[in-house]
Amino acid sequence: MQLNGKTVVITGASSGIGKAVALEMARRGARLFLAARRLDLLESVAAECRAVGVSCTAVATDVSRREDCIRLLETAGVVDVLINNAGFAIFDAIADAKPEELVSMMQTNYFGAVWCAQAALPGMLARKSGTIVNVASITGIMGFARMGGYCATKSAMLAFSEALRDEVLGRGVRVAMVCPATTDTAFFEKAERGKMPGASRLILAIRPERVARAVCNAAEDGAYRRILPFTANLYMRLKEIAPRTAHFFMRRVSAWLE
Ligand SMILES: NC(=O)c1ccc[n+]([C@@H]2O[C@H](COP(=O)([O-])OP(=O)(O)OC[C@H]3O[C@@H](n4cnc5c(N)ncnc54)[C@H](OP(=O)(O)O)[C@@H]3O)[C@@H](O)[C@H]2O)c1
């Protein structure tokens, strides 16, 4: 599918990966609806997209609120592509994690994607056309110490994506997953709060623009799952084949980084 002229909704577009996806989508000619809570930042991303020559609307949205997700998809109208990208992390050991923060991560990262998908699906299925791209993470494939609450949200997102992909197979709707490793965004400011400075160096951070190209390519080809960068892809394959070996090496790396 060519993105030129297609209507694309992107959640979490005020910063980082979502902002980079918005700009890459604009370069590919898509008509955009951008969602996040910080409307001032979102408006400035929308202005950058319009400067590329496409139509772009900012919609203040808290994806943890189902009614906001429904309103976002209603505002966009006929949606060709939904990018579920909004998300955040607060890293803590399970024993120390605050219950309200564990719930809040799940409400945003997992349920936010579910509410948006549910709002988009009836129209996509009726038209027998549409693509949903879920921005998950390698932490959805492998549990990392002191990130358990966040890993669980991404694991839930991947399981939900796989199930939905099978449910809509042959009905014109495609579901794709993108799983980036450490990406150089503001994400870690909130996630680590200075407590785990090693985490962001775990695998050399990649640029959000690189993730954005993978997300846009996934929207075009609807491929099952992209893991990036290449080294993370190899490591995640090792994890799926030999999980105990992969965890052994990761524990060594984590200990070395502390
Ligand atoms: N950075 C990494 O290493 C990495 C790796 C793998 C996957 N990811 C995933 O990539 C996605 C984007 O993260 P990022 O690295 O680009 O971080 P970021 O720069 O902090 O951006 C996060 C985005 O999510 C939005 N958001 C957070 N809570 C929201 C809510 N309740 N409702 C609507 N929007 C919300 C934020 O907008 P507002 O605050 O304005 O609402 C912001 O636009 C996340 O799902 C993250 O889990 C990140």
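Some observations on this one:
- Cβ-defined net charge surrounding LEU3, 14 Å radius [Lys, Arg +1; Asp, Glu -1]: +2
- A prolate overall shape is assigned to the stretch 35-149, the ratio a/c of its alpha-carbon gyration tensor axes (a ≥ b ≥ c) being 1.5 or greater and a/b exceeding b/c.
- For the stretch 1-42 and the stretch 60-74, distance of Cα centres in Å: 16
- Applying 1/(1 + (r/R0)^6) with R0 = 30 Å to the Cβ-Cβ distance of HIS247 and GLU162 gives a FRET efficiency near 0.85.
- Nonlocal amide H pairs with ILE206, under 5 Å, H built at 1.01 Å: THR183, ASP184
- Less than 5 angstrom separates the built amide H of GLY130 from those of ARG174, all sequence-distant by 5 or more or on a different chain.
- Simple label model, 7 Å out from Cα along Cβ direction - GLU74 to GLN2, nm: 3.4
- Simple spin-label estimate for ASP96 and THR231 in nanometres, 7 Å along Cα-Cβ: 2.7
- Gain in span if fully extended, SER55 to VAL103, counting 0.36 nm per residue against the direct Cα distance: 13.7 nm
- Amide hydrogen neighbours beyond the local backbone of ALA60, cut-off 5 Å, H modeled: none
- Our coupling estimate for the stretch 92-101, obtained by passing each phi through the Karplus curve with A = 6.51, B = -1.76, C = 1.60 and θ = phi - 60°, is 7, 5, 3, 4, 9, 5, 6, x, 5, 6 Hz, Gly and Pro reported as x.
Just so you know, all these numbers are worked out from the coordinates, no wet-lab data involved. Quick caveat: nothing in here was measured; it's all calculated off a predicted structure. Neighbour counts run over all protein chains shown; Cβ positions are idealised from the backbone, glycine included.
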